[in-house]
Amino acid sequence: MEEDRFATWVRSTLARAGVEVDEVDLAVIRAADTVYGPDREALMRADLSDAPKEHDLDPSRPPTGTGRR
Amino acid sequence: MTATEPNSSRGDHPQDLSLCEQARAIAAGELDATELLEATLARIEERDGELNSIVDTFASDSARMLNEAPDGPLHGVPVAIKDMFALPWRAPRDGSTRNVTGVEAGASSVYNRLRDAGAVVVGVANMHEHGAGSTGHISAYGPCGNPWDTTRCGGGSSGGSAAAVGARLVAGAVGTDGGGSIRYPAAYCGVTGLKLTWGLVPGEGYTHSYSTMSATGPICRDAADARLLGEALIGRPLERQRAQRLRLGIVRELWEDVDPEVGDLCQAAVDALRDAGMTVTEIEFDGLDHVRIATVLRLTLEDAAAVPPEEARAHEPELSPIGRGLAKFRMLIPAEVLVRADAVRARLRLSLAEACREADVLVWPTVPAPAPAIENTTVQLPSGVVPADYANVRMGGIANLTGAPALSAPAGLTRAGLPAGLHLITHWRDNERLLDVADLLEQVTDRRHVDATPPLAQTHPAQTEFSA
């Protein structure tokens, strides 16, 4: 069943990091994945090849090269 | 307690005065700062029980701060600060059971700025646990309610700050905003909240100083108060200019899938600004498709290295069940998505810079629906029922990903008596313009939105007699 595979994947992946997962944890993780999973998958499929390369990102100012209006 | 017919008259009791009016009256000798401090503490005690906005007060420390207060622009004025800033007498706890961030008691930058302005820190405001929510219903201190309906969320993560101002416990409070956390509670509580440009307020003594998304800012009743408190926080003037000549840009995509009443209230606000002389146009804004997930990913992962592993492990059993589960969920996120989120971020920053050539201020609703119930933090949108966090971050995340300043201004009440907020965002260097537009909105609506008083502030009139 898909549901069991999700639980198995969560437990085994976190077990490799030494992290235990109880039923409450699993429920929260499943809920978060249900809510944000589709958006995450859409991001993984998105074509971002034309996104600007901002190697000097400074959140206090606009991207360099855009000048000030 | 639920909303009844709102009282739009401005109270003339000293505790109901605005931040500006309190500062003026104290400076003029018309109001005794010691009496105001004592009355504020008494009002918190009297009024905050069902609201739970202020989680700690320290009368002797506040009195000492007042006694030592210099003659600054906020001399003697009581303000609250979010549980993310160190005070000389108190380490922040980030809305959690204990301090795991390593920020110890001391003079944070925010404390120093307030002190230098002569203000008095009267209390620590409630917040969503570790800043990880837009509702404020998960906190080691218990949920923070909404002054318009205490069964509803005060918002997050700076819910306590907004609720305390909304309930007239204090005239000003300091919040932080990493994914909308000043603006969402401001909208929910019917007050004005300004996320300043990233980096304008130094991060010493701030639990999330590692963040490239989080910024500090004022939460007050109106634009003039937010300007005054904002000036104290950044240590320089926020010059006032006429907003009528500015261009307002509607980003139509962010008006979609919004509660119809909220949409109508925000549109009415825009129409009022147009009637006041602002030029209003529709603006194209590229890159909105992945705002929500990019914001959540950046916020979720940025603190991964901020807490020592042994502290994180020791703290885990003390987290809320949701907090604990989300901490483990984070470990399942592949690294590639963060790289992609940062590409989205770069695209949004360029889009905002380009949009700021076509309009001086961009506008959309702050939150797509009014404050949800504490017991059920979902909201009803035209597309269906969704968690409030999921709904909100689409609207608020742009300002955090870009670093630009953004503000939520009160836009009126729904038929159920719940506030709606109008979201304004502008160029990185133009914090003042947001305040100018908010100020103009107040003028053209006869201040009825900012002066509306929630039931909580009406049913417990202050008893303190002032000598001045």
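The values are calculated or read from the model by the stated rules, or taken from the named source; none is laboratory data. None of these values were measured; they are calculated from a predicted model. Using ideal geometry, Cβ is built from the backbone for each residue, glycine included, and neighbour counts are taken over all protein chains shown.
Here is how the numbers come out for the structure above:
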quantity: Search result, residues across region B:335-356 that are at the interface with chain A (Cβ under 9 Å from one of its Cβ atoms) and touching a helix residue (DSSP H, G or I) at 6+ places or on another chain (Cβ under 8 Å); calculated: B:GLU336, B:VAL337, B:ARG340, B:ALA341, B:ASP342, B:VAL344, B:ARG345, B:ARG349, B:LEU352
quantity: Residue within region B:278-290 that is in contact with a helix residue (DSSP H, G or I) (Cβ under 9 Å, 6 or more places away or on another chain), touching a residue at least 12 places away in the same chain (Cβ under 8 Å) and within 26 Å of B:ARG168 (Cα to Cα) present; calculated: no
quantity: Qualifying positions in region A:5-44 - more than 9 Å from every other protein chain (Cβ to nearest Cβ) and among the aliphatic types (A, V, I, L, M); calculated: A:ALA7, A:ALA15
quantity: Failed item, numbered, when B:GLY235 is tested on (1) of a type outside the set (A, V, I, L, M); (2) at negative phi; (3) more than 14 Å from chain A (Cβ to nearest Cβ); calculated: (2)
quantity: Residues (assigned to a loop (DSSP other than H, G, I, E, B) and of a type in the set (D, E, K, R)) located in region A:19-59; calculated: A:GLU20, A:ASP22, A:ASP47, A:ASP50, A:LYS53, A:GLU54, A:ASP56, A:ASP58
quantity: Any hit, region B:370-391, residues being touching a residue at least 12 places away in the same chain (Cβ under 8 Å), crowded, with 21+ Cβ neighbours inside 10 Å, within 26 Å of B:CYS220 (Cα to Cα) and at the interface with chain A (Cβ under 10 Å from one of its Cβ atoms); calculated: yes
quantity: Strands (runs of 3 or more DSSP E) wholly inside region B:169-284 containing at least 2 residues that are more than 30 Å from B:ASN99 (Cα to Cα) and among the small types (Gly, Ala, Ser); calculated: none
quantity: Filter result for B:ARG345 (modelled with pLDDT of 95 or more, of a type in the set (Lys, Arg) and farther than 25 Å from A:ASP39 by Cα); calculated: no
quantity: B:ARG324, sole failed condition from (1) farther than 30 Å from A:GLY65 by Cβ; (2) of a type in the set (Lys, Arg); (3) more than 7 Å from every other protein chain (Cβ to nearest Cβ); calculated: (3)
quantity: Enumeration of residues in region B:409-445 that are among the small types (Gly, Ala, Ser) and within 22 Å of B:ARG242 (Cβ to Cβ); calculated: B:ALA409, B:ALA411, B:ALA438
quantity: Single match in B:ASP286, B:ASP275 (criterion: among the acidic types (Asp, Glu) and within 11 Å of chain A (Cβ to nearest Cβ)); calculated: B:ASP286
quantity: Region A:45-69, residues that are within 30 Å of B:GLY325 (Cβ to Cβ) and more than 7 Å from every other protein chain (Cβ to nearest Cβ); calculated: A:ARG45
quantity: Residue within region B:357-368 that is within 14 Å of chain A (Cβ to nearest Cβ), at pLDDT 95 or above and more than 22 Å from A:SER60 (Cβ to Cβ) present; calculated: yes
quantity: Test for B:GLY155: is it buried (at least 22 other Cβ atoms within 10 Å of the Cβ), part of a loop (DSSP other than H, G, I, E, B) and small (Gly, Ala, Ser); calculated: yes
quantity: Criterion: on the phi > 0 side of the Ramachandran plot and within 14 Å of chain A (Cβ to nearest Cβ) - qualifying residue of B:GLY178, B:GLY199; calculated: B:GLY199
quantity: Region B:306-321, subset of a type in the set (A, V, I, L, M) and either farther than 22 Å from B:GLY397 by Cβ or facing chain A (nearest Cβ under 8 Å) (or both), residue farthest from the chain's Cα centre (by Cα); calculated: B:ALA314
